[in-house]
Amino acid sequence: MTVTAATKPPRRRGERSPLASAGLHATLLLAAVIAVFPPLWLLITSFKPKNDAFTTDVVSHPTLANYRHVLGDTSFPTWFGNSVLVVAVTTVVGVLLAATTGYALSRFRFPGMRPLLWLLLITQMFPVAVLIVPLYNLMAGLGLLNQPGGLIITYLTIAVPFCAWMMKGYFDTIPVEIDEAGRVDGLSPFGTFWRLVLPLARPGLAVTGFYTFVTAWAEVAYASAFMTGEEHLTLAGGLQTFVNQYTNDWGSMTAAAVLIAVPATAVFAFAQRHLVAGLTAGTTKG
């Protein structure tokens, strides 16, 4: 039986036409190309000789000279060690503070709770340009300039409020009956949190840890302002030494940028299975 225009079944609600589907796929493909091109070009440039950094040719004479120079002739290993120290402490302390704060806001009712929730959100509204001067003066007064502790405290003030709010939303999705069962078994409030609730919050903890890691690993403004001298720089500050007012070593800069991106990629690959669940659950209730 031949299906004519009159007998052709109507399109289901929400079903796209072939033209709309083709347009959507073309748009997604274009967006993917735009997103992938900058890091791909950065990777290609890192293998080019310094004199060919601005050529449009794909690598015709690949070389590892840029990587050898960065790792052997600069303070990159020192910067890397400084960043690992700052990021590791920031991530561990930030996750612990965000988890305990989020759990307290989710499970307990106390005077000032609502203003505290608003305060956690309001702290995210101030841009770096507004905060960098008072924080610099505060760190100078405490003697924390050129000290890892100064950056750690600064990054915690950035990451913990947002992560605490997100963890509060995630803990809201965990049934209160689990806490009650823990208390019946004789656990203290902290024991209930540590032994029963926290293991169920692994997706939320993964998102919190990843956000805190990225905050400390990729931040530039505070790292450049608070740390001076090559032995004190983190990766963000050290990267700027390759390209400044007097020198433009783009080959070394791109090689260093690729090396900096490797740990972030590894952390993302490790945490990605929890990211979707954690982000979704953490924003459904607040």
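Quick rundown of the values:
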| quantity | calculated |
| --- | --- |
| Close pairs (7 angstrom Cβ cut-off, 6 or more residues apart or separate chains): over 21 Å from LEU259 (Cβ atoms) and touching a residue at least 24 places away in the same chain (Cβ under 8 Å) in region 84-95, of a type in the set (Ser, Thr, Tyr) and surrounded by 23 or more Cβ atoms within 10 Å (Cβ to Cβ) anywhere | GLY94/THR212; VAL95/THR208; VAL95/THR212 |
| In region 84-123, residue most open to solvent (accessible area, probe 1.4 Å) [restricted to those that are modelled with pLDDT under 85 and under 17 Å from ILE153 (Cα atoms)] | THR123 |
| Unique residue being charged (D, E, K, R) and free of Cβ contacts under 8 Å to residues at least 12 places away in the same chain when the list is ASP249, ASP185, ASP179 | ASP185 |
| Scope region 155-181; condition open to solvent by less than 40 Å² (accessible area, probe 1.4 Å) and closer than 18 Å to ALA206 by Cβ; matching residues | ALA159, VAL160, CYS163, ALA164, MET166, MET167, LYS168, GLY169, TYR170, PHE171, ASP172, ILE174 |
| Any hit, region 130-141, residues being over 20 Å from GLU219 (Cα atoms), out of contact with any strand residue (DSSP E or B) (no Cβ under 9 Å at 6 or more places or on another chain) and either open to solvent by less than 70 Å² (accessible area, probe 1.4 Å) or not charged (D, E, K, R) (or both) | yes |
| Pair list, Cβ under 7 Å, 6 or more apart: region 41-56 residue free of Cβ contacts under 8 Å to residues at least 24 places away in the same chain, other residue surrounded by 15 or more Cβ atoms within 10 Å (Cβ to Cβ) | ILE44/VAL59; PHE47/VAL59; PHE47/THR63 |
| Filtered residue count, region 226-235, keeping only those that are of a type outside the set (D, E, K, R) and at pLDDT below 85 | 2 |
| Residue list for region 142-154, filter: within 17 Å of THR228 (Cα to Cα) and open to solvent by 60 Å² or more (accessible area, probe 1.4 Å) | LEU142, GLN147 |
| Residues satisfying the stated conditions in region 48-68, i.e. assigned to a helix (DSSP H, G or I) and either open to solvent by 50 Å² or more (accessible area, probe 1.4 Å) or among the hydrophobic types (A, V, I, L, M, F, W, C) (or both) | LYS50, ASN51, ALA65, ARG68 |
| Residue match in region 196-208 (condition: in contact with a His (Cβ under 7 Å, 6 or more places away or on another chain) and open to solvent by 60 Å² or more (accessible area, probe 1.4 Å)) | yes |
| Residues of region 219-246 satisfying the condition of being in a loop (DSSP other than H, G, I, E, B), in contact (Cβ under 8 Å) with a residue 60 or more places away in the chain and in contact with a Gly (Cβ under 9 Å, 6 or more places away or on another chain) | MET227, THR228, GLU230 |
| 3 or more residues in contact with a Lys or Arg (Cβ under 9 Å, 6 or more places away or on another chain): qualifying helices (runs of 4 or more DSSP H) within region 72-162 | 76-107 |
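The values are calculated or read from the model by the stated rules, or taken from the named source; none is laboratory data. Here the structure is a predicted model, which means the values were calculated and not measured. Cβ sites come from the backbone with ideal geometry, for glycine too, and all protein chains shown count toward neighbours. Please note that ligands, DNA and RNA were not included when accessible areas were found on the heavy atoms of the full protein model with its side chains. Shrake-Rupley method; radii C 1.70, N 1.55, O 1.52, S 1.80 Å.
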